[in-house]
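Working notes, beginning with the structure itself.
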Amino acid sequence: MNAAVLRLSDVHRVHGDGEAAVHALRGVSFTAYAGELVAVMGPSGSGKSTLLTIAGGLDQPTSGSVEVEGTDLVGLGQADRARMRRTSVGYVFQGFNLVPALTAAENVALPRELDGVRSGKARRDALAALEEVGIADLADRFPDDMSGGQQQRVAIARAIVGERRLVLADEPTGALDTETGEEILRLLRARCDAGAAGVLVTHEARHAAWADRVVFLRDRVVVDESGSAPVDDLLEAGHA
Ligand SMILES: Nc1ncnc2c1ncn2[C@@H]1O[C@H](COP(=O)(O)OP(=O)(O)OP(=O)(O)O)[C@@H](O)[C@H]1O
Ligand SMILES: [Mg+2]
């Protein structure tokens, strides 16, 4: 078995308290291994985005543990957690979330530069990541001068730059047409085949078919893990 890159154990997330408390996650345990792409599916409000933000250290669980490459994020101070995020975790959102005043290459280099990598090296890393997603020729373009699909490729490049081992994507194809969306999933798949662990939140069975495994969230807990069952069989069985 490959190494666990992400391990959530009995994670709870409660927003607010007393009468108004909302249990966004109730005891979720879930592991993603190097080399695999895991799809997370479930109805709206089931906690998918919450799971992803906690996995990426953007939000903290109320209780439970979150390990990324063997480091417990919950035990880290804020500065160390931010550093883990920049070095180990790539995050792709539904919107592209690029900085409009920076070129494609500058957007991709940003997490490297924030991490103290010298700017020449950061730019080389950025160009390599843009090459990997097939748009090296657009390195010096600004986001406003790119199509949605091109912008999302830049966002993927930013999520994989510097060999980050955990790639988290929350409906990354939501704003794209079908063909462009498939292309983005193919890039995620390729990154996982190259050794990263990927977690993909999606509503669509046809997107989950790119994954090795599907995790279903219902009522804020993981109710089913497909394990080694072929994804296609599960989807046909009407789970999704
Ligand atoms: N900051 C917050 N304050 C209060 N409640 C929240 C907050 N963030 C999320 N929630 C609640 O937690 C639950 C899970 O939300 P989450 O966004 O994780 O769901 P989701 O599965 O991603 O839904 P969708 O498919 O619509 O994106 C929901 O009931 C939501 O209203
Ligand atoms: Mg969501």
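The values are calculated or read from the model by the stated rules, or taken from the named source; none is laboratory data. Worth saying up front: this structure is predicted, and the values here are computed from it rather than measured. Every residue, glycine among them, receives a Cβ derived from its backbone with ideal geometry; neighbour counts consider all protein chains shown. We work out accessible area using only protein heavy atoms, side chains counted, and drop any ligands, DNA or RNA first. Shrake-Rupley method; radii C 1.70, N 1.55, O 1.52, S 1.80 Å.
May I ask you to verify whether GLY149 is modelled with pLDDT under 95, under 18 Å from the mean Cα position of the chain (by Cα), outside any helix (DSSP H, G or I) and not polar (S, T, N, Q)? Spelling it out, it is not the case that GLY149 is modelled with pLDDT under 95, under 18 Å from the mean Cα position of the chain (by Cα), outside any helix (DSSP H, G or I) and not polar (S, T, N, Q).
Among residues that are modelled with pLDDT of 90 or more, more than 14 Å from PRO43 (Cα to Cα) and crowded, with 16+ Cβ neighbours inside 10 Å, VAL215 is not included. Selection of region 34-60 for residues being open to solvent by less than 20 Å² (accessible area, probe 1.4 Å) and part of a loop (DSSP other than H, G, I, E, B) yields ALA34, GLY42, SER46, GLY47, GLY56, GLY57. Just give me the residues in region 1-39 being away from ligand 1 (no atom under 16 Å from the Cβ) and in contact with a helix residue (DSSP H, G or I) (Cβ under 7 Å, 6 or more places away or on another chain), in sequence order. LEU6, GLY35, GLU36, LEU37, listed by residue number. Only one entry in GLU19, GLU67, GLU113 is surrounded by 15 or more Cβ atoms within 10 Å (Cβ to Cβ) and either within 16 Å of ligand 2 (Cβ to nearest atom) or part of a helix (DSSP H, G or I) (or both), namely GLU113. For region 40-70, residues that are β-branched (Val, Ile, Thr) and in contact with a helix residue (DSSP H, G or I) (Cβ under 6 Å, 6 or more places away or on another chain) total 3.
For region 158-176, the count of residues that are assigned to a helix (DSSP H, G or I) and surrounded by fewer than 16 Cβ atoms within 10 Å (Cβ to Cβ) is zero. Checking each residue in region 149-175 for being more than 19 Å from LEU6 (Cβ to Cβ), within 16 Å of ligand 2 (Cβ to nearest atom) and not hydroxyl-bearing (Ser, Thr, Tyr) picks out GLY174, ALA175. For region 112-127, the count of residues that are touching a residue at least 40 places away in the same chain (Cβ under 8 Å) and either in contact with a Lys or Arg (Cβ under 9 Å, 6 or more places away or on another chain) or of a type in the set (Phe, Trp, Tyr) (or both) is at least one. Take the conditions (1) within 16 Å of ligand 1 (Cβ to nearest atom); (2) open to solvent by 30 Å² or more (accessible area, probe 1.4 Å); ALA79 misses just one of them, which is (1).
Based on this model, can you work out whether VAL14 counts as within 12 Å of ligand 2 (Cβ to nearest atom), of a type in the set (A, V, I, L, M) and either modelled with pLDDT of 95 or more or assigned to a strand (DSSP E or B) (or both)? So VAL14 does not fit the description; no.
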